[in-house]
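Structure record follows, encoded as structure tokens.
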Amino acid sequence: MGVTHVHEAAEKTWPKYTPPLSATLRVIASRHGDSDALLRVNVFLSGTLLNAIAVLIGATIGLLVGSRMPARIQQTLIDGLGLFTLCIAFALALTLLMDRSAPAGTDLIVLAALLVGGAIGELLKLTERVEGLGDWFQRRLARDAKPSRISEAFVTASLVFCVGPLTFLGSIQNGLTGDIQLLAVKSVLDGFASIAFAATLGAGVYLSILTILVIQGGLAMLAYLFGANLDPVAISAASAVGGVILLGVGLRLLEIKRIRVVSLLPALVLAPVMVWLVAPLRAALGG
């Protein structure tokens, strides 16, 4: 597929009102042959580090404010975060699922990735393992015998901060070009969210910084190393899966249903893999 075709696919995949996303996907098509490789080695983690600092500052403010905040205000903040998370999740999922220009069957790929990924996650007991990690931190960091929400804060904040589209696209843009524009926007959003999370859930939000460094840093590194092979449709499918997973996070925040969202995380990897596997068949059928 030539640069022109990748560019056209990117423009069809992403709405016209999000030029930074189109720019990111446009760079994917022309990854090699540029003279900025040395610069990117030094800056492809810059956006991730900025995001981590924003969460660190936000969580600190939240802890200072939260101790003086009545319980009813804390609950209202959590409800607001839950509602906002649902809105973002719906927008993410529907961007692809309602896009008539998306390749035929992409919505079924998202569904298949969620079902197969959920089954794999349950077989691997991902929910128990991640919650167990949070409980391990909780046992070592909780003071005295007071009730602690360190584990809940770690799992919830990690999911909210690392499953959205800005995580994928921002990290890819940062890895390909060193540009931190998308991750700078994400840093502001996560910074404010971390204030509310820390004020209501406590110091466990700090632990989500480790998740940000691993997930976003890893994505940025992969983009730097393998940027030429990234497929806009695969990125779109992964973002749609992320939207569905965020729906589960929102329902948990609102205490409507405690969906085992961690078990669905393998779908984020399976979605782009399935897109790549189906691409030759779609090409053979002329679709």
key: Filter pass, L108 being without any contact (Cβ under 8 Å) to a residue 60 or more places away in the chain and within 23 Å of G164 (Cβ to Cβ)   = yes
key: Flag if I120 is β-branched (V, I, T), touching a residue at least 60 places away in the same chain (Cβ under 8 Å), surrounded by fewer than 18 Cβ atoms within 10 Å (Cβ to Cβ) and in contact with a Ser or Thr (Cβ under 9 Å, 6 or more places away or on another chain)   = yes
query = Looking only at segment 208-243, which residues are hydrophobic (A, V, I, L, M, F, W, C), more than 16 Å from the chain's Cα centre (by Cα) and surrounded by 19 or more Cβ atoms within 10 Å (Cβ to Cβ)?
reply = L230, V233
ask   = Among the residues of segment 178-230, which ones are of a type in the set (D, E) and either under 19 Å from I73 (Cα atoms) or not in a loop (DSSP other than H, G, I, E, B) (or both)?
value = D190
task = Looking at (1) within 28 Å of T211 (Cα to Cα); (2) modelled with pLDDT under 50; (3) surrounded by fewer than 14 Cβ atoms within 10 Å (Cβ to Cβ), find the lone condition where G2 falls short.
result = (1)
inquiry  = Please verify whether R40 is basic (K, R) and either touching a Leu at 6+ places or on another chain (Cβ under 7 Å) or modelled with pLDDT of 70 or more (or both), treating the condition exactly as stated.
reply    = no
message = Criterion first (among the aliphatic types (A, V, I, L, M) and more than 29 Å from A102 (Cβ to Cβ)) does A223 satisfy it?
response = no
request  = Return a yes/no flag: does segment 253-264 have any residue that is of a type outside the set (S, T, N, Q), at pLDDT below 85 and in a helix (DSSP H, G or I).
outcome  = yes
ask   = Of these, V241, V214, which one is out of contact with any strand residue (DSSP E or B) (no Cβ under 8 Å at 6 or more places or on another chain) and touching a residue at least 12 places away in the same chain (Cβ under 8 Å)?
value = V241
query = Can you name every residue in segment 85-136 that is at positive phi and at pLDDT below 85?
reply = G105
key: Counted residues, segment 253-270 - those being surrounded by 21 or more Cβ atoms within 10 Å (Cβ to Cβ) and either more than 14 Å from the chain's Cα centre (by Cα) or not aliphatic (A, V, I, L, M) (or both)   = 4
remark   = Flagged in segment 186-207 as at pLDDT below 90, among the aliphatic types (A, V, I, L, M), buried (at least 21 other Cβ atoms within 10 Å of the Cβ) and within 13 Å of V160 (Cα to Cα), in numbering order, are A193, A196
request  = Return only the number of the condition from (1) among the polar types (S, T, N, Q); (2) at pLDDT 80 or above; (3) over 30 Å from V65 (Cβ atoms) that T211 does not satisfy.
outcome  = (3)
task = Out of R68, R26, R72, report the one residue that is at pLDDT below 85, within 28 Å of A199 (Cα to Cα) and either basic (K, R) or in contact with a Phe, Trp or Tyr (Cβ under 6 Å, 6 or more places away or on another chain) (or both).
result = R68
message = Please go through (1) of a type outside the set (D, E); (2) within 23 Å of A153 (Cβ to Cβ); (3) touching an Asp or Glu at 6+ places or on another chain (Cβ under 7 Å) for V275 and return the number of the only condition it doesn't satisfy.
response = (2)
ask   = What do you reckon, is D79 at pLDDT below 85 and either in contact with a helix residue (DSSP H, G or I) (Cβ under 6 Å, 6 or more places away or on another chain) or not aromatic (F, W, Y) (or both)?
value = no
ask   = When segment 271-282 is examined, which residues are found to be of a type in the set (A, V, I, L, M), surrounded by fewer than 21 Cβ atoms within 10 Å (Cβ to Cβ) and touching a Pro at 6+ places or on another chain (Cβ under 9 Å)?
value = V278, A279
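The values are calculated or read from the model by the stated rules, or taken from the named source; none is laboratory data. What you see is a predicted model; the values in this text were computed from it and never measured. In this analysis, Cβ positions are derived from the backbone assuming ideal geometry, glycine residues included, and neighbour counts consider all displayed protein chains.
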